[in-house]
Every structure is written in C-alpha cells, then in structure tokens.
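Participant: Could you have a look at this structure, given as structure tokens, before my questions?
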Amino acid sequence: MTPRFGERVRAVLREHGPLCVGIDPHAALLAAWGLDEDAHGVREFGLRTVEAAVGRVGIVKPQVSFFERFGSRGIAALEDVLAAAREADLVVIADAKRGDIGSTMEDYARAWLTPGSPLEADALTVNPYLGVGALDGAFGLAEQSGKGLFVLAATSNPEAEEIQRSTTRGGATVSASVIAEVSARNAQVIGEGEWGSFGFVIGATVDWAPTGIDSFTPTAPILAPGFGAQGATPANLRPRFGVMSNAVIASESRSILSAGPAGLAEAISTRAAQYLEVTSV
C-alpha cells in the first residue's frame, strides 16, 4: 500500500533532512546561468536543478509563476520538470497557491493532484482565504490520490499581517483558526501516530506569538519559506519552530541557485549537511 503523503514526507525528512530546493528561474538567474529568458531556458534550468538535487535532498518545489509567464511553452517546460523530478523519486511540491470555490477549485486540484495528469505533483500549495471549506474539493482529491496540500497559514510578507493576525468571533487569530480547521481534517483521516497529509505554509521569519500559533496535532508537514535569501539560516530552525522542528521543510531557492550550474550540486550538498547538523542533535 502506498503511504499517505504525510508519512512519505516524514520518511524523506528522516533520510535527507529538511532542505527543499526551490526551482525558481528568475530572469536574473537565467542570465547568470547563461540561459535564454524563454521557455527553453526555464526548462533547462529546471531539469539541471532536478539533476543536482537527486541524492542530495528529498524535496523540490517548482514555483509555477516562473514557467507560466511563457504561456503554453512554459507550461510544457514545467510538465517536463515535474515529470523528471517525480521519476527521480523526489517529493515535488507545486508552488501555485491556488484558491477558489466549488468546481473551479476542484479542477485546480485535478490539474495538479490527479495521477497521470500532465501537471501531476505530489503536493500543491493552496490559499484558504476564501474560507477553508472552499478547499473541500482539493482536500478530497488529495486524500483519494495519496497527495498532499500545503495551506497558507502564516506568511512572512508584511501585507498579510492585518488579515492573518486579526481575530475571529471565537477569539483566535485567522492563522490559528486555519491551522485548527485543517488539523481537524487531518485527524479524521489518518491513523494513530501518523502525520497528516494536509500541511501548512509558515514563514521561517514569522514570529509565532503574534500569529496566535502554537504547536498543533496531529503533526503535519510545515513548508517554511524564508530560509536563505530572506534571512533565516539553518541555525534558526529549532529556535523558530520549537517542538514542531522535526516536521519542517526548509525551502531555499536563490541562496542555492545563485551558485550556478557548475556549483549547484556542491551548494546543495553543503547546505543539506548544515541542516542535518542542526536537526540531528
């Protein structure tokens, strides 16, 4: 039986540590890599990153927007990158931050989470700010297909603070309410001691206290952007995430990708070792 997504992530973190390599072909990075700013360039960028990641980390996260901007050819390039990463047995998180209602949300989920779909990934980032219940179609398909979701809970951009830290009628912050509602869904479908497959996006630079977030059960993966170029370091992981540290997926992109194609594999290995050092004690 294929393990649930949460349990698969749990095993990958134990084997490879928390580093996740973001596949973010910014225009400046394409130029630095000597690649054209077009669909062919982002395809080559993505495939080279996947190749360098194999055996060094267990998770990659393509940022969909950098491929979408080249239209149908960019989407075709993304399909190739997603397929190559999954064929290499990497856990692939499509960072698309989809969020809608009804059949529209259901079809977003079908695009990214259906086995055999051209855009198939292992997990998808989703936006709950139309209401967590609006994501029902995505929750259902993810559970049915053995896939995962990462629900935005506490992001590091300052524009989000007013919404995410405001309080509901029950007195909890919006961020904490999102985590509570999604955690309840995890509890309904997993076995005792298992990790939930519906995880959360919590920025590595976010102070938990103002967000109202505390530890949560059942355990579920935490996708943590903000490491690397945004300022957080491996040494910050345990102090920031405390008892939830073992569930953190530490996402880095520019800080690693800036090493260029020749130095990428070494940069991944070096950074992965730094995370393993701080998480194995």
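The values are calculated or read from the model by the stated rules, or taken from the named source; none is laboratory data. These numbers come from a predicted model, not from an experiment. Cβ placement follows ideal geometry from the backbone for every residue including glycine, while neighbour counts extend to all protein chains displayed.
Participant: Among the residues in region 175-198, are any assigned to a strand (DSSP E or B) and not hydroxyl-bearing (Ser, Thr, Tyr)?
Facilitator: Checking region 175-198: at least one residue is assigned to a strand (DSSP E or B) and not hydroxyl-bearing (Ser, Thr, Tyr).
Participant: Let me ask you something else. When you go through Leu78, Leu82 one by one, which is the residue that is within 23 Å of Ala39 (Cα to Cα) and out of contact with any helix residue (DSSP H, G or I) (no Cβ under 8 Å at 6 or more places or on another chain)?
Facilitator: Step by step, each of Leu78, Leu82 is checked, and only Leu82 is within 23 Å of Ala39 (Cα to Cα) and out of contact with any helix residue (DSSP H, G or I) (no Cβ under 8 Å at 6 or more places or on another chain).
Participant: Just the residues that are buried (at least 16 other Cβ atoms within 10 Å of the Cβ), in contact with a helix residue (DSSP H, G or I) (Cβ under 6 Å, 6 or more places away or on another chain) and either at pLDDT below 95 or farther than 20 Å from Leu124 by Cβ (or both), please, taken from region 48-75.
Facilitator: Arg48, Ala52, Arg56, Phe70
Participant: Filter region 187-211 down to the residues that are in contact with a strand residue (DSSP E or B) (Cβ under 7 Å, 6 or more places away or on another chain) and modelled with pLDDT under 95, then identify the one that is farthest from Ala176 (Cα to Cα).
Facilitator: So, considering only residues that are in contact with a strand residue (DSSP E or B) (Cβ under 7 Å, 6 or more places away or on another chain) and modelled with pLDDT under 95, the one farthest from Ala176 (Cα to Cα) is Thr205.
Participant: Could you please find all residues in region 234-277 being polar (S, T, N, Q), assigned to a helix (DSSP H, G or I) and over 20 Å from Gly6 (Cα atoms)?
Facilitator: Here is the first cut: in region 234-277, the ones polar (S, T, N, Q) are 236, 245-246, 251, 253, 255, 258, 269-270, 274.
Pick out the ones that are also assigned to a helix (DSSP H, G or I) and you get 236, 245-246, 255, 269-270, 274.
Across region 234-277, the qualifying residues are Asn236, Ser255, Ser269, Thr270, Gln274.
Participant: Can you tell me which residue among Ala27, Ala11 is under 16 Å from Ile222 (Cα atoms), out of contact with any Ser or Thr (no Cβ under 6 Å at 6 or more places or on another chain) and either buried (at least 18 other Cβ atoms within 10 Å of the Cβ) or not charged (D, E, K, R) (or both)?
Facilitator: Step by step, each of Ala27, Ala11 is checked, and only Ala11 is under 16 Å from Ile222 (Cα atoms), out of contact with any Ser or Thr (no Cβ under 6 Å at 6 or more places or on another chain) and either buried (at least 18 other Cβ atoms within 10 Å of the Cβ) or not charged (D, E, K, R) (or both).
Participant: Still on this structure: Restricting the search to region 17-54, which residues are outside any strand (DSSP E or B), out of contact with any Phe, Trp or Tyr (no Cβ under 9 Å at 6 or more places or on another chain) and under 17 Å from Ser251 (Cα atoms)?
Facilitator: Answer for region 17-54, where residues must be outside any strand (DSSP E or B), out of contact with any Phe, Trp or Tyr (no Cβ under 9 Å at 6 or more places or on another chain) and under 17 Å from Ser251 (Cα atoms): Thr49, Val50, Ala52, Ala53.
Participant: Using the structure shown, decide if Leu119 is surrounded by fewer than 24 Cβ atoms within 10 Å (Cβ to Cβ) and closer than 20 Å to Ile23 by Cβ.
Facilitator: Yes: the conditions hold for Leu119.
Participant: Now a separate question. Going by the conditions given, is Asp100 surrounded by 17 or more Cβ atoms within 10 Å (Cβ to Cβ), touching a Phe, Trp or Tyr at 6+ places or on another chain (Cβ under 8 Å) and more than 25 Å from Ser255 (Cα to Cα)?
Facilitator: So Asp100 fits the description; yes.
Participant: Residues that are aromatic (Phe, Trp, Tyr) and surrounded by fewer than 23 Cβ atoms within 10 Å (Cβ to Cβ): does region 196-219 have at least one?
Facilitator: Yes.
Participant: List the residue pairs whose Cβ atoms are under 6 Å apart, where the first residue sits in region 104-117 and is over 14 Å from Leu135 (Cα atoms) and assigned to a helix (DSSP H, G or I), the second is of a type in the set (D, E, K, R) and modelled with pLDDT of 95 or more, and the two are 6 or more positions apart or on different chains.
Facilitator: none
Participant: Inspect region 260-269 for any residue being among the β-branched types (Val, Ile, Thr), surrounded by 24 or more Cβ atoms within 10 Å (Cβ to Cβ) and under 19 Å from the mean Cα position of the chain (by Cα) and give the result as yes or no.
Facilitator: no
Participant: Please verify whether Leu124 is modelled with pLDDT of 95 or more, within 24 Å of Ala247 (Cβ to Cβ), among the hydrophobic types (A, V, I, L, M, F, W, C) and within 19 Å of the chain's Cα centre (by Cα), treating the condition exactly as stated.
Facilitator: yes
Participant: Sticking with this structure for a sec: How many residues are under 19 Å from Gly226 (Cβ atoms), among the β-branched types (Val, Ile, Thr) and assigned to a loop (DSSP other than H, G, I, E, B) when one looks only at region 144-174?
Facilitator: Residues flagged as under 19 Å from Gly226 (Cβ atoms), among the β-branched types (Val, Ile, Thr) and assigned to a loop (DSSP other than H, G, I, E, B) within region 144-174 amount to 1.
Participant: Further, regarding this structure: Out of curiosity, is Val42 under 21 Å from the mean Cα position of the chain (by Cα) and within 26 Å of Thr233 (Cβ to Cβ)?
Facilitator: no
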